[in-house]
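Novice: The structure's right below; bear with me while I get my questions together.
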(Lines give C-alpha, C1' and ligand atoms only; values in the text may rest on other atoms or scores of the structure.)
Protein backbone atom coordinates (compact mmCIF):
# COMPACT_ATOMS: atom_id res chain seq x y z
CA UNK A 1 0.00 0.00 0.00
CA UNK A 2 2.87 2.36 0.83
CA UNK A 3 4.29 1.75 -2.65
CA UNK A 4 0.98 2.77 -4.23
CA UNK A 5 0.99 6.01 -2.21
CA UNK A 6 4.52 6.87 -3.26
CA UNK A 7 5.45 9.09 -6.24
CA UNK A 8 6.80 6.01 -8.03
CA UNK A 9 3.24 4.78 -8.67
CA UNK A 10 1.69 8.15 -9.46
CA UNK A 11 0.65 7.06 -12.97
CA UNK A 12 -0.96 3.87 -11.66
CA UNK A 13 -3.32 5.43 -9.13
CA UNK A 14 -6.14 6.08 -11.59
CA UNK A 15 -6.04 2.43 -12.70
CA UNK A 16 -6.13 1.23 -9.10
CA UNK A 17 -9.05 3.48 -8.17
CA UNK A 18 -11.00 2.32 -11.23
CA UNK A 19 -10.22 -1.34 -10.55
CA UNK A 20 -11.12 -1.09 -6.86
CA UNK A 21 -14.45 0.66 -7.54
CA UNK A 22 -15.34 -2.06 -10.08
CA UNK A 23 -14.46 -4.75 -7.54
CA UNK A 24 -16.54 -3.03 -4.87
CA UNK A 25 -19.49 -3.15 -7.24
CA UNK A 26 -18.94 -6.87 -7.89
CA UNK A 27 -18.20 -7.77 -4.28
CA UNK A 28 -14.66 -8.99 -5.07
CA UNK A 29 -12.07 -8.27 -2.34
CA UNK A 30 -14.65 -5.84 -0.98
CA UNK A 31 -13.01 -4.77 2.30
CA UNK A 32 -9.57 -4.52 0.71
CA UNK A 33 -10.82 -2.43 -2.22
CA UNK A 34 -12.66 -0.06 0.11
CA UNK A 35 -9.48 0.41 2.11
CA UNK A 36 -7.37 1.21 -0.95
CA UNK A 37 -9.82 3.81 -2.28
CA UNK A 38 -10.23 5.37 1.16
CA UNK A 39 -6.47 5.81 1.61
CA UNK A 40 -5.98 7.18 -1.89
CA UNK A 41 -8.74 9.75 -1.37
CA UNK A 42 -7.30 10.71 2.01
CA UNK A 43 -3.88 11.35 0.48
CA UNK A 44 -4.90 12.73 -2.93
CA UNK A 45 -8.50 13.97 -2.78
CA UNK A 46 -7.97 16.48 -5.59
CA UNK A 47 -6.91 15.98 -9.17
CA UNK A 48 -6.93 12.69 -11.00
CA UNK A 49 -8.32 10.64 -8.08
CA UNK A 50 -11.44 12.79 -7.68
CA UNK A 51 -11.90 13.07 -11.47
CA UNK A 52 -11.82 9.27 -11.78
CA UNK A 53 -14.33 8.78 -8.96
CA UNK A 54 -16.71 11.39 -10.40
CA UNK A 55 -16.49 9.77 -13.84
CA UNK A 56 -17.33 6.32 -12.51
CA UNK A 57 -20.08 7.72 -10.26
CA UNK A 58 -21.81 9.13 -13.35
CA UNK A 59 -21.92 5.60 -14.78
CA UNK A 60 -23.03 3.87 -11.58
CA UNK A 61 -23.58 5.35 -8.13
CA UNK A 62 -20.46 4.51 -6.15
CA UNK A 63 -22.17 4.81 -2.75
CA UNK A 64 -25.21 2.84 -3.87
CA UNK A 65 -23.15 -0.01 -5.32
CA UNK A 66 -20.95 -0.24 -2.21
CA UNK A 67 -24.04 -0.24 0.02
CA UNK A 68 -25.76 -2.95 -2.02
CA UNK A 69 -22.64 -5.11 -1.91
CA UNK A 70 -22.33 -4.74 1.87
CA UNK A 71 -26.03 -5.61 2.24
CA UNK A 72 -25.41 -8.83 0.31
CA UNK A 73 -22.44 -9.67 2.53
CA UNK A 74 -24.54 -9.06 5.65
CA UNK A 75 -27.31 -11.31 4.28
CA UNK A 76 -24.61 -13.90 3.34
CA UNK A 77 -25.36 -13.73 -0.38
CA UNK A 78 -21.70 -12.81 -0.85
CA UNK A 79 -18.55 -13.83 1.00
CA UNK A 80 -16.54 -11.18 2.89
CA UNK A 81 -13.39 -12.56 1.19
CA UNK A 82 -10.98 -13.62 3.95
CA UNK A 83 -11.90 -10.84 6.39
CA UNK A 84 -14.53 -10.55 9.11
CA UNK A 85 -17.93 -8.95 8.59
CA UNK A 86 -17.00 -6.34 11.19
CA UNK A 87 -13.92 -5.40 9.14
CA UNK A 88 -16.09 -5.03 6.03
CA UNK A 89 -18.47 -2.73 7.89
CA UNK A 90 -15.66 -0.66 9.42
CA UNK A 91 -13.95 -0.21 6.03
CA UNK A 92 -17.29 0.68 4.44
CA UNK A 93 -17.97 3.57 6.84
CA UNK A 94 -14.38 4.82 6.59
CA UNK A 95 -14.75 4.71 2.79
CA UNK A 96 -18.08 6.55 3.03
CA UNK A 97 -16.49 9.24 5.17
CA UNK A 98 -13.81 9.98 2.56
CA UNK A 99 -15.76 9.56 -0.67
CA UNK A 100 -18.64 11.80 0.46
CA UNK A 101 -16.19 14.73 0.31
CA UNK A 102 -15.93 14.23 -3.45
CA UNK A 103 -19.34 13.12 -4.68
CA UNK A 104 -21.43 14.68 -1.85
CA UNK A 105 -23.55 11.57 -1.46
CA UNK A 106 -24.22 9.54 1.63
CA UNK A 107 -26.57 6.92 3.01
CA UNK A 108 -30.30 7.08 2.50
CA UNK A 109 -32.76 6.31 5.29
CA UNK A 110 -33.50 3.03 3.47
CA UNK A 111 -29.81 2.08 3.72
CA UNK A 112 -29.77 2.90 7.43
CA UNK A 113 -32.88 0.75 7.92
CA UNK A 114 -31.02 -2.19 6.35
CA UNK A 115 -27.98 -1.76 8.60
CA UNK A 116 -30.14 -1.09 11.67
CA UNK A 117 -31.09 -4.77 11.75
CA UNK A 118 -27.46 -5.72 12.41
CA UNK A 119 -26.84 -6.96 15.98
CA UNK A 120 -23.67 -4.86 16.20
CA UNK A 121 -24.24 -1.22 15.27
CA UNK A 122 -21.10 0.54 16.56
CA UNK A 123 -19.88 1.86 13.20
CA UNK A 124 -23.38 2.90 12.10
CA UNK A 125 -24.01 4.75 15.38
CA UNK A 126 -20.69 6.58 15.11
CA UNK A 127 -21.63 7.64 11.58
CA UNK A 128 -25.06 8.92 12.67
CA UNK A 129 -23.63 10.83 15.63
CA UNK A 130 -21.03 12.76 13.64
CA UNK A 131 -21.22 16.48 14.31
CA UNK A 132 -20.81 19.08 11.63
CA UNK A 133 -17.41 20.69 11.13
CA UNK A 134 -16.86 24.01 12.85
CA UNK A 135 -14.07 26.56 13.01
CA UNK A 136 -14.83 27.38 16.63
CA UNK A 137 -11.87 26.61 18.89
CA UNK A 138 -13.82 26.23 22.13
CA UNK A 139 -16.47 23.62 22.73
CA UNK A 140 -19.87 25.17 23.36
CA UNK A 141 -23.01 23.87 25.06
CA UNK A 142 -25.08 21.63 22.81
CA UNK A 143 -22.20 20.93 20.40
CA UNK A 144 -23.17 17.24 20.43
CA UNK A 145 -26.55 18.17 18.92
CA UNK A 146 -25.10 20.00 15.90
CA UNK A 147 -25.29 16.99 13.60
CA UNK A 148 -23.84 16.71 10.14
CA UNK A 149 -26.97 14.93 8.88
CA UNK A 150 -29.53 17.26 7.34
CA UNK A 151 -32.96 17.90 8.91
CA UNK A 152 -34.97 15.96 6.32
CA UNK A 153 -32.77 12.90 6.75
CA UNK A 154 -33.10 12.98 10.55
CA UNK A 155 -36.90 13.28 10.26
CA UNK A 156 -36.91 10.25 7.91
CA UNK A 157 -34.89 8.25 10.44
CA UNK A 158 -37.34 9.17 13.21
CA UNK A 159 -40.40 8.12 11.19
CA UNK A 160 -38.96 5.03 9.48
CA UNK A 161 -36.84 3.57 12.31
CA UNK A 162 -36.91 5.23 15.74
CA UNK A 163 -40.72 5.21 16.01
CA UNK A 164 -41.20 1.74 14.47
CA UNK A 165 -41.53 -0.82 17.32
CA UNK A 166 -40.55 -3.76 15.11
CA UNK A 167 -37.21 -2.20 14.14
CA UNK A 168 -36.65 -1.01 17.71
CA UNK A 169 -37.34 -4.49 19.13
CA UNK A 170 -40.28 -2.96 21.01
CA UNK A 171 -37.77 -0.67 22.78
CA UNK A 172 -36.73 -3.49 25.13
CA UNK A 173 -33.20 -4.08 26.46
CA UNK A 174 -31.91 -1.08 24.56
CA UNK A 175 -28.16 -0.62 24.46
CA UNK A 176 -27.21 2.74 25.96
CA UNK A 177 -25.19 3.68 22.86
CA UNK A 178 -28.33 3.19 20.76
CA UNK A 179 -30.38 5.29 23.20
CA UNK A 180 -27.75 8.04 23.25
CA UNK A 181 -27.55 8.20 19.45
CA UNK A 182 -31.33 8.50 19.05
CA UNK A 183 -31.53 11.02 21.89
CA UNK A 184 -28.91 13.26 20.22
CA UNK A 185 -30.70 13.07 16.86
CA UNK A 186 -34.08 13.86 18.47
CA UNK A 187 -32.54 16.82 20.25
CA UNK A 188 -31.01 18.01 16.97
CA UNK A 189 -34.43 17.68 15.30
CA UNK A 190 -36.24 19.58 18.09
CA UNK A 191 -33.64 22.36 18.04
CA UNK A 192 -33.68 22.73 14.25
CA UNK A 193 -37.46 22.93 13.99
CA UNK A 194 -37.36 25.56 16.76
CA UNK A 195 -39.45 23.53 19.20
CA UNK A 196 -36.79 24.01 21.87
CA UNK A 197 -33.73 26.11 22.56
CA UNK A 198 -30.58 24.69 24.15
CA UNK A 199 -28.62 27.43 25.89
CA UNK A 200 -25.12 27.95 27.26
CA UNK A 201 -26.24 26.72 30.71
CA UNK A 202 -27.02 23.29 29.19
CA UNK A 203 -30.72 23.79 29.84
CA UNK A 204 -33.69 23.37 27.52
CA UNK A 205 -36.16 26.18 26.93
CA UNK A 206 -39.55 25.27 25.40
CA UNK A 207 -40.44 27.35 22.34
CA UNK A 208 -43.22 25.28 20.71
CA UNK A 209 -44.28 22.56 23.11
CA UNK A 210 -46.86 21.01 20.79
CA UNK A 211 -44.21 20.15 18.17
CA UNK A 212 -41.59 18.60 20.47
CA UNK A 213 -40.85 15.03 19.37
CA UNK A 214 -40.90 12.95 22.58
CA UNK A 215 -42.84 9.76 21.78
CA UNK A 216 -39.59 7.77 21.79
CA UNK A 217 -38.94 8.55 25.47
CA UNK A 218 -42.38 7.37 26.59
CA UNK A 219 -41.88 4.09 24.72
CA UNK A 220 -38.47 3.54 26.30
CA UNK A 221 -39.93 4.12 29.77
CA UNK A 222 -42.75 1.63 29.17
CA UNK A 223 -40.37 -1.14 28.04
CA UNK A 224 -37.95 -3.27 30.05
CA UNK A 225 -34.63 -1.45 30.04
CA UNK A 226 -31.54 -0.97 32.17
CA UNK A 227 -31.59 1.57 34.99
CA UNK A 228 -29.13 3.73 33.04
CA UNK A 229 -31.41 3.96 29.99
CA UNK A 230 -34.59 4.48 32.05
CA UNK A 231 -33.00 7.23 34.15
CA UNK A 232 -31.67 9.05 31.05
CA UNK A 233 -35.07 8.83 29.29
CA UNK A 234 -36.92 10.07 32.37
CA UNK A 235 -34.61 13.05 32.85
CA UNK A 236 -34.75 14.04 29.19
CA UNK A 237 -38.55 13.78 29.09
CA UNK A 238 -38.93 16.01 32.14
CA UNK A 239 -36.31 18.48 30.88
CA UNK A 240 -38.28 18.85 27.66
CA UNK A 241 -41.36 19.94 29.60
CA UNK A 242 -40.46 22.19 32.55
CA UNK A 243 -38.97 25.43 31.15
CA UNK A 244 -41.40 27.32 28.92
CA UNK A 245 -40.23 30.48 27.20
CA UNK A 246 -40.30 33.35 29.67
CA UNK A 247 -42.81 36.16 29.27
CA UNK A 248 -42.20 39.79 30.28
CA UNK A 249 -45.35 40.03 32.37
CA UNK A 250 -44.82 38.09 35.61
CA UNK A 251 -48.47 37.09 35.97
CA UNK A 252 -48.61 35.83 32.36
CA UNK A 253 -45.30 34.01 32.88
CA UNK A 254 -46.60 32.24 36.00
CA UNK A 255 -49.86 31.28 34.27
CA UNK A 256 -47.98 29.98 31.24
CA UNK A 257 -45.80 27.74 33.39
CA UNK A 258 -48.83 26.28 35.15
CA UNK A 259 -50.51 25.58 31.78
CA UNK A 260 -47.38 23.83 30.46
CA UNK A 261 -46.90 21.77 33.61
CA UNK A 262 -50.58 20.79 33.72
CA UNK A 263 -50.46 19.69 30.09
CA UNK A 264 -47.37 17.56 30.78
CA UNK A 265 -49.06 16.03 33.83
CA UNK A 266 -52.04 15.04 31.68
CA UNK A 267 -49.70 13.54 29.09
CA UNK A 268 -47.84 11.55 31.74
CA UNK A 269 -51.06 10.01 33.03
CA UNK A 270 -52.26 9.29 29.49
CA UNK A 271 -49.04 7.73 28.20
CA UNK A 272 -47.79 5.89 31.31
CA UNK A 273 -51.04 4.73 32.94
CA UNK A 274 -50.36 1.09 31.96
CA UNK A 275 -47.23 1.10 34.14
CA UNK A 276 -48.22 2.77 37.45
CA UNK A 277 -44.77 2.30 39.04
CA UNK A 278 -43.14 4.06 36.06
CA UNK A 279 -45.76 6.81 36.13
CA UNK A 280 -45.18 7.47 39.83
CA UNK A 281 -41.40 7.52 39.42
CA UNK A 282 -41.49 10.03 36.55
CA UNK A 283 -44.16 12.13 38.26
CA UNK A 284 -42.13 12.23 41.47
CA UNK A 285 -39.04 13.39 39.58
CA UNK A 286 -41.15 16.00 37.77
CA UNK A 287 -42.52 17.37 41.07
CA UNK A 288 -39.00 17.59 42.50
CA UNK A 289 -37.85 19.44 39.37
CA UNK A 290 -40.59 22.09 39.51
CA UNK A 291 -40.78 22.54 43.27
CA UNK A 292 -38.23 25.37 43.40
CA UNK A 293 -39.85 27.05 40.41
CA UNK A 294 -43.29 26.86 42.04
CA UNK A 295 -42.01 28.78 45.07
CA UNK A 296 -40.79 31.60 42.86
CA UNK A 297 -44.19 32.11 41.25
CA UNK A 298 -46.50 34.80 42.59
CA UNK A 299 -49.26 32.42 41.53
CA UNK A 300 -48.77 30.45 44.75
CA UNK A 301 -48.80 31.58 48.33
CA UNK A 302 -45.65 30.65 50.25
CA UNK A 303 -47.16 31.58 53.61
CA UNK A 304 -46.09 28.93 56.13
CA UNK A 305 -48.81 26.76 57.64
CA UNK A 306 -48.74 24.43 60.63
CA UNK A 307 -50.10 20.90 60.24
CA UNK A 308 -50.88 18.60 63.15
CA UNK A 309 -50.09 14.99 62.27
CA UNK A 310 -50.97 12.04 64.50
CA UNK A 311 -48.66 9.05 63.99
CA UNK A 312 -49.85 5.54 64.86
CA UNK A 313 -46.42 3.90 65.16
CA UNK A 314 -44.92 5.20 67.35
CA UNK A 315 -48.02 6.86 68.78
CA UNK A 316 -47.28 10.56 68.91
CA UNK A 317 -48.37 13.93 67.57
CA UNK A 318 -46.08 16.05 65.34
CA UNK A 319 -46.48 19.65 64.29
CA UNK A 320 -45.09 20.25 60.81
CA UNK A 321 -44.49 23.69 59.29
CA UNK A 322 -44.49 23.95 55.50
CA UNK A 323 -45.14 26.61 52.83
CA UNK A 324 -48.81 26.46 51.84
CA UNK A 325 -47.86 25.63 48.22
CA UNK A 326 -45.93 22.46 49.19
CA UNK A 327 -46.61 19.23 47.35
CA UNK A 328 -47.98 16.04 48.89
CA UNK A 329 -44.60 14.47 48.21
CA UNK A 330 -42.83 17.17 50.26
CA UNK A 331 -45.35 16.65 53.09
CA UNK A 332 -44.61 12.93 53.16
CA UNK A 333 -40.87 13.59 53.34
CA UNK A 334 -41.42 15.97 56.24
CA UNK A 335 -43.56 13.42 58.10
CA UNK A 336 -40.86 10.76 57.76
CA UNK A 337 -38.03 12.95 59.05
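The values are calculated or read from the model by the stated rules, or taken from the named source; none is laboratory data. Here the structure is a predicted model, which means the values were calculated and not measured. Here the Cβ is made from the backbone with ideal geometry for all residues, glycine too, and neighbour counts use every protein chain on show.
Novice: Taking the criterion of being farther than 24 Å from residue 186 by Cα and either surrounded by 15 or more Cβ atoms within 10 Å (Cβ to Cβ) or at pLDDT 85 or above (or both), would at least one residue in segment 107-120 satisfy it? Lay out the reasoning, then the answer.
Specialist: Going through segment 107-120, the residues farther than 24 Å from residue 186 by Cα turn out to be none.
Checked segment 107-120: no residue is farther than 24 Å from residue 186 by Cα and either surrounded by 15 or more Cβ atoms within 10 Å (Cβ to Cβ) or at pLDDT 85 or above (or both).
Novice: Any residue in segment 319-332 that is farther than 26 Å from residue 257 by Cα and either modelled with pLDDT under 80 or touching a helix residue (DSSP H, G or I) at 6+ places or on another chain (Cβ under 7 Å) (or both)?
Specialist: Within segment 319-332 (the criterion being farther than 26 Å from residue 257 by Cα and either modelled with pLDDT under 80 or touching a helix residue (DSSP H, G or I) at 6+ places or on another chain (Cβ under 7 Å) (or both)), the answer is yes, since at least one residue qualifies.
Novice: Restricting the search to segment 37-63, which residues are within 28 Å of residue 75 (Cβ to Cβ) and more than 32 Å from the chain's Cα centre (by Cα)?
Specialist: Those that are within 28 Å of residue 75 (Cβ to Cβ) and more than 32 Å from the chain's Cα centre (by Cα): 53, 56, 59, 60.
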